[in-house]
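Nothing in this text is a laboratory measurement; each read-out follows from the coordinates by a stated rule. Since this is a predicted model, take the numbers as computed values, not measurements. In this analysis, Cβ positions are derived from the backbone assuming ideal geometry, glycine residues included, and neighbour counts consider all displayed protein chains.
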Amino acid sequence: MNLSDPLALGTRLVAGIALGLLYFGGLWLTLKRIPESRSPALLVLGSMVLRSVLVVAAVYYLSDRKLDLILIMIVGFTLGRLILGRRLGQAGRDSAGEVAGAVERDA
């Protein structure tokens, strides 16, 4: 495999994006569950271990231990984080705006 194989690079980029969405989506869900958890430390630790093992195993399996594929997957992973951050950040701003608007109307 070399950098001129667009199919391999494209599939690894998409896989990296999916892994980033999975990893950071799992983190977001974990953080949302902390208030209702009886053992928040165990929840956070278990989630971190599960998400990390899943990502490392997928990168190891999909990269064929080739540095160029690993780097492409890291780029995809970062893109997945940015996509999710923008998506969730927008949702948070929308709901915060609704709450602020409701407070202003009630005042």
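Things worth noting here:
- Packing around the peptides 64-75, 15-26, taken as the average count of other Cβ atoms within 10 Å per residue, puts them in this order, highest first: 15-26, 64-75.
- Here the extension length gained between MET48 and LYS32 equals 4.3 nm, from 0.36 nm per residue of separation less the Cα-Cα distance.
- Annotation for the stretch 16-59: trypsin sites (Lys or Arg not before Pro) lying in DSSP loop with at most 16 further Cβ atoms inside 10 Å of their Cβ are ARG38.
- Residues SER47, SER63, SER37 arranged by fewest to most Cβ contacts within 10 Å: SER37, SER47, SER63
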